[in-house]
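What follows is a set of notes on a single structure, which appears directly below.
The values are calculated or read from the model by the stated rules, or taken from the named source; none is laboratory data. Not measured: the values here are computed from a predicted model. Every residue, glycine as well, gets a Cβ built from its backbone with ideal geometry; the counts of neighbours run over all protein chains shown. Remember, those area values only see protein heavy atoms, side chains included, never the ligands or the DNA or RNA. Shrake-Rupley method; radii C 1.70, N 1.55, O 1.52, S 1.80 Å.
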Amino acid sequence: MPGAERKGAVRWWRRPWIAPLAVITGVFLVTALPRYVGLDPAQSLVPTDRGPAFYPALVIHIFSGSVMLTAGVLQLWPWLRAHHPRVHRWSGRVYVVSALVSGTGALVTAQFPSAGVGQQVGNTLLAVLLLAFTLLGYRAVRQRRFADHREWMVRSTALAFSIVANRFWAPVLIAIYVPGALTDPSVGFGAPEIEGAAIASAWISWVANLMFAEWWLHRKPRRRARVHQARSPKVEVQTAR
C-alpha cells in the first residue's frame, strides 16, 4: 500500500549525512578522475614506474571505483530505496560489478607499494575484504536474507569509501609526523618520513571506516530495544484500560 510505504520510509532529514557524502564524493571524483582520463602515466597522482602491470591495473581500479562510489551513494540514500526500489536494485547490481572489478584492480596495484611491506599488507587486506564483503552481500540478497545483505553491504561500502577517507588522513598524518613536507618540496615520495605517513594512512583510512560501520550496525538494535522498553509500560496501561 502506498500509504504504508510512505509511513515506513525514512525521511530525508533523518539521514542528513547523505547530501554531504554525495558532495564529498563528487568533489573527490572531479579532482581525482581527470588525471587518468587521458591514460597518460605522467599525470598519475602516484608514481607509475612499478612494472608494466601497475598502471593498467590502476586505471581499471580508478575508473570502476568511480562507478562504485557513485552507485554507493545511491545505495545509501533511504528515499531512493523507499520510493524507487527498482532504481535501488539496479544501482546495487552496478555497485557489485564495479566493486568486484575495482577490488581486483586494487589487489594488483597493492603488490607494487610505494611505502614498503606495511602499505602492501594494508592495501592487500583492504582489497580482499572489499571483494569478500561484496560477494557475501550479493549471496545474501540472492538467498533473500535481506538483513544479512544490508550488513555486508554497509561493510563493503565503508571499505569502498576508504579511498575518500585516505585523502583526509594522508595530509593530516603528514602534518602531524612530517610537518616540513608541507613547505619543503624536496620531501616527497621515497622519503622515509613520507613512507611512514603513507603506511599509517593506508591502514587507518579503511580500519576507521570499518569500525564506524560496525558501530553503526550494532547501535541500532540496542536503540530499538530501548525504545521498545520505554513504550511497553504505556502499551500495558492502555491495554488494561
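Which of the following residues is in contact with a His (Cβ under 9 Å, 6 or more places away or on another chain), modelled with pLDDT under 90 and either among the basic types (Lys, Arg) or farther than 19 Å from Trp206 by Cβ (or both): Ala4, Ala19, Ala42, Ala82?
Values: Ala4 fails: in contact with a His (Cβ under 9 Å, 6 or more places away or on another chain); Ala19 fails: in contact with a His (Cβ under 9 Å, 6 or more places away or on another chain); Ala42 fails: in contact with a His (Cβ under 9 Å, 6 or more places away or on another chain).
Going through Ala4, Ala19, Ala42, Ala82 in turn, the sole match is Ala82.
Taking Ser98 as the residue in question, decide whether it is under 30 Å from Pro41 (Cβ atoms) and free of Cβ contacts under 8 Å to residues at least 60 places away in the same chain. Yes.
On the given criteria, is Arg35 among the basic types (Lys, Arg), within 22 Å of Leu126 (Cβ to Cβ) and modelled with pLDDT of 85 or more? Break it down stepwise before answering.
Numbers: among the basic types (Lys, Arg): yes; within 22 Å of Leu126 (Cβ to Cβ): yes; modelled with pLDDT of 85 or more: yes.
It is true that Arg35 is among the basic types (Lys, Arg), within 22 Å of Leu126 (Cβ to Cβ) and modelled with pLDDT of 85 or more.
The residue of segment 139-156 that is surrounded by the most Cβ atoms within 10 Å (Cβ to Cβ), among those that are touching a Phe, Trp or Tyr at 6+ places or on another chain (Cβ under 8 Å) and either closer than 21 Å to Ser201 by Cα or in contact (Cβ under 8 Å) with a residue 24 or more places away in the chain (or both), is Ser156. In segment 74-92, the residues that are at negative phi and open to solvent by 90 Å² or more (accessible area, probe 1.4 Å) reach residues that are in a loop (DSSP other than H, G, I, E, B) and of a type in the set (Val, Ile, Thr) with C-beta atoms within less than 9 angstrom, at least six apart or across chains, in these pairs: Trp79/Val10; Arg81/Val10.
Can you tell me which of Val172, Val117 is modelled with pLDDT of 90 or more and loosely packed, with under 15 Cβ neighbours inside 10 Å? Steps first, answer last, please.
On the way: Val172 fails: modelled with pLDDT of 90 or more.
Answer to the check: Val117.
The residue that is surrounded by the fewest Cβ atoms within 10 Å (Cβ to Cβ), counting only those in segment 39-60 that are more than 22 Å from the chain's Cα centre (by Cα) and among the small types (Gly, Ala, Ser), is Ala42.
Taken together, Ser205, Ser232, Ser186 contain a single residue that is at pLDDT 90 or above and either open to solvent by less than 80 Å² (accessible area, probe 1.4 Å) or of a type in the set (Gly, Ala, Ser) (or both), which is Ser205.
In summary, Phe63 fulfils each of the numbered conditions (1) hydrophobic (A, V, I, L, M, F, W, C); (2) open to solvent by less than 30 Å² (accessible area, probe 1.4 Å); (3) within 19 Å of Ser98 (Cβ to Cβ) with the single exception of condition (2).
Among the residues of this structure, Ala165 does not count as one that is in contact (Cβ under 8 Å) with a residue 24 or more places away in the chain, more than 16 Å from Leu217 (Cβ to Cβ) and not in a helix (DSSP H, G or I).
Output yes when any residue across segment 116-134 is in contact with a Pro (Cβ under 6 Å, 6 or more places away or on another chain), touching a residue at least 12 places away in the same chain (Cβ under 8 Å), more than 18 Å from Glu214 (Cβ to Cβ) and part of a helix (DSSP H, G or I), and no when none is. The answer is yes; a qualifying residue exists.
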